[in-house]
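Worksheet for the structure shown next.
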Amino acid sequence: MEKKKGNSIPGSVLSSQNGLLLVSSGLLSLDPLLGDGIPVGTVVLIEEDLRGLHSKVLLKHFLAEGLISKHSIFVASQDVNPSKLVKELPAVIENDVESTDNSIVANDKLRIAFRYENVSTKPMDETKNKAIGHHFDISKNISFSDIENSDIFYWTGQRIETELNNNSFLNPSYHDLLKSIKNRIKDGEFFLKDDREQKTILRIGIHSLGSAMWLPPRKSIHGHSQDLHMFIFCLRALVRSAHAVAVITIPSYLYDEESIERCIHSSDIAMKLQSFSGTELEHNQSLQDYNGFFYLTKLAAINSLASKHPGTAEYVFKLRRKKFNIEVLHLPPDIQDDKDKKPSLMCGGGGNNKLDF
Amino acid sequence: MVDPRKVNQVLAALKINPEDQIIFIKENSFADSNFVITHLFKQLVYDKSNICFLTLHNTFDHYQNVGKKLGYDLKQVVEKGQLKIIDPLKELVDAIDLEDSSAQQIIRCLFDCIQTQINNFLISKESLVYLIIDDLSHLLDLGIDVPSVINFTNVCLNLTSDKNVCTIINSHVGSKSDLLVANNIQYVCDVCVSVSPLKTGQSADITGSMLVQRGSQQNKFHYKAFDKGIKTFLPGEALYK
């Protein structure tokens, strides 16, 4: 949320419209939806899908993009070992792996809808995408040398002092995490007031915040979501005073809607993943190409009156072997034969027909 | 310079005058009511009122940028000494290391800050003094309980016993405790502006609805947010494309 004169920070771009410093989310299909990238100094909240599989992929892309752009990284999780999470980051590649199928379609001569032959199949935003962001291959892991040469801080929640009692957080791990982030920002001189020569950005990735592993020592269900609200609000205060971006994933199905809404209110960008697996949508024929719905719940208007929210389009995500993609939902034309409908020769159809021809 | 109340659509819809001492902006679920405050700034800057501004949600940079789009420069107003900003989030960052910061203390500090600022304004100048709180509901996020927040608003609203002091409070309503706080202020306010998203979901032509309540009189508007300004419509009206 701060104005910079020159674009001296690698992996970032200055938005000409509202003077925001933007970084890529790591997914080239997501950046245009967010208004070309995530503004520095903001908190992004991702509501996890039921098993947290796809939200983890999103988080990994965010962190991998940071590694490639030589940003500093802070990873926190109590569910998985953060160092394992970093080892599984996707590898960067030069070109888009799975864009070949698009070109085949383009070469095909359209016979019926020939008027649309010259219309590009890609949405407009994708073609004019700026230089930030890379392509990643999920099937390959990032090389060890990349990890070793980067500035990564892991937080596991292991070494928590239990003697803090007069703290405002019921659960000491939230406080410990907040303190670690602050110390990291302080040590790395990421504060806006710090005048560091080579400026870089701290990417904070918090995986599965407030999951079952985060329960406070004394069981108090009300205090649990209160801690979450306070944590996100404090994180917001912290992040906006520094060259930092935070992405948190939350298993939102563990909380009621109201407490999640408060979390969304305190964050700047909020999105939600809803996977089809395990639901009745799994067998829906028109959705079989996709893995789930992607909702952009909130896109705050920062430095501007109007939010850049893309509006009414519905989005879906799909996880393929090498690529995670978010795209506009296109329902196929309803011309398939329905197997359940049996053709009936008789007038009126039913067997108990009183008219006998 | 022309009176913005006559030119600007939002301000014309709000019709705020110096007799409205308690102005409440209620932000329902996913709506964004920030534009009401940024527009009111335009009027206050034109009137040369003194402003004490408690920011809990957006940064000053945000207001400065939006202000430039709407045609005023907040930094100049700060330099003239007409605007004082209280930004507790800066202190919050410093307080993360400290273990003993109780809710009562935070509230007391905030109020002391506000009171000294307003008294300074009242002594030195004759014109109106506005206290603006942007997002009161964030106090709940800080772990302050509902009675203390309501108590805080009461003390703030009591400042308006001086005829020259007005308050503008913005509060988000998402959960039950937010609603308690909001209902409390709505009960005592002179003007209540509630900004809500459309019930039917999203629309390309309209961003949301704004209901202006003044006593028993109420006016409903639809609004559309553009990068450079806000357009308001009566329900049923639309932009001709």
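The values are calculated or read from the model by the stated rules, or taken from the named source; none is laboratory data. Just so it is clear, the structure is predicted and the values come from calculations on it, not from any experiment. Note: ideal-geometry Cβ built from the backbone for every residue, glycine included; neighbour counts use all protein chains shown. Surface accessibility is based on the protein's heavy atoms, side chains included, excluding ligands, DNA and RNA. Shrake-Rupley method; radii C 1.70, N 1.55, O 1.52, S 1.80 Å.
Some values worked out for this structure:
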| item | result |
| --- | --- |
| Number of positions in region B:211-238 that are among the hydrophobic types (A, V, I, L, M, F, W, C) and away from chain A (no Cβ under 14 Å) | 6 |
| Test: residue in region B:165-185 that is more than 14 Å from chain A (Cβ to nearest Cβ), touching an Asp or Glu at 6+ places or on another chain (Cβ under 8 Å), within 18 Å of B:LEU11 (Cα to Cα) and in contact (Cβ under 8 Å) with a residue 12 or more places away in the chain | yes |
| Among (1) in contact (Cβ under 8 Å) with a residue 60 or more places away in the chain; (2) open to solvent by 30 Å² or more (accessible area, probe 1.4 Å); (3) touching a helix residue (DSSP H, G or I) at 6+ places or on another chain (Cβ under 9 Å); (4) polar (S, T, N, Q), the one test that B:ASN154 misses | (1) |
| Residue list for region A:179-200, restricted to those being assigned to a helix (DSSP H, G or I), within 11 Å of chain B (Cβ to nearest Cβ) and within 14 Å of A:SER241 (Cα to Cα) | A:ILE181, A:LYS182, A:ASN183, A:ILE185, A:LYS186 |
| Residues within region B:44-69 that are open to solvent by 30 Å² or more (accessible area, probe 1.4 Å), in contact (Cβ under 8 Å) with a residue 24 or more places away in the chain and assigned to a helix (DSSP H, G or I), tallied | 5 |
| Residue identified as modelled with pLDDT of 90 or more and away from chain B (no Cβ under 14 Å) among A:GLY205, A:GLY210 | A:GLY205 |
| Region B:205-219, residues that are more than 14 Å from B:LEU11 (Cα to Cα) and either touching a Cys at 6+ places or on another chain (Cβ under 9 Å) or open to solvent by 70 Å² or more (accessible area, probe 1.4 Å) (or both) | B:ASP205, B:GLN213, B:ARG214, B:GLY215, B:SER216, B:GLN217, B:GLN218 |
| Residue count, region A:301-319 (criterion: open to solvent by less than 30 Å² (accessible area, probe 1.4 Å) and at the interface with chain B (Cβ under 10 Å from one of its Cβ atoms)) | 7 |
| Residue in region B:83-96 that is more than 12 Å from every other protein chain (Cβ to nearest Cβ) and basic (Lys, Arg) present | yes |
| Strands (runs of 3 or more DSSP E) (entirely within region B:198-241) containing at least 1 residues that are of a type in the set (Gly, Ala, Ser) | B:208-214, B:217-225 |
| Region B:1-32, subset within 11 Å of chain A (Cβ to nearest Cβ) and surrounded by 22 or more Cβ atoms within 10 Å (Cβ to Cβ), residue farthest from A:ALA270 (Cα to Cα) | B:VAL10 |
| Residue list for region A:250-274, filter: touching a His at 6+ places or on another chain (Cβ under 6 Å) and in a strand (DSSP E or B) | A:LEU273 |
| Residue ID - farthest from the other protein chains (Cβ to nearest Cβ), chosen from residues in region B:54-82 that are of a type in the set (Asp, Glu) and within 18 Å of B:ILE132 (Cα to Cα) | B:ASP73 |
| Output for region A:271-295, where each listed residue is out of contact with any helix residue (DSSP H, G or I) (no Cβ under 8 Å at 6 or more places or on another chain) and within 19 Å of A:PRO332 (Cα to Cα) | A:GLU280, A:GLU282, A:HIS283, A:ASN284, A:GLN285, A:SER286, A:GLN288, A:ASP289, A:TYR290, A:PHE293, A:PHE294 |
| Count of residues meeting criterion [of a type in the set (Ser, Thr, Tyr), modelled with pLDDT of 75 or more and open to solvent by less than 90 Å² (accessible area, probe 1.4 Å)] in region A:1-17 | 2 |
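So that you can scan it fast, the table gives a plain yes or no per residue for (1) open to solvent by less than 100 Å² (accessible area, probe 1.4 Å); (2) modelled with pLDDT under 60; (3) touching a strand residue (DSSP E or B) at 6+ places or on another chain (Cβ under 7 Å):
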position: A:ASN129; (1), (2), (3): yes, yes, no
position: A:HIS134; (1), (2), (3): yes, no, yes
position: A:ASN141; (1), (2), (3): yes, no, yes
position: A:TRP155; (1), (2), (3): yes, no, yes
position: A:ASN183; (1), (2), (3): yes, no, no
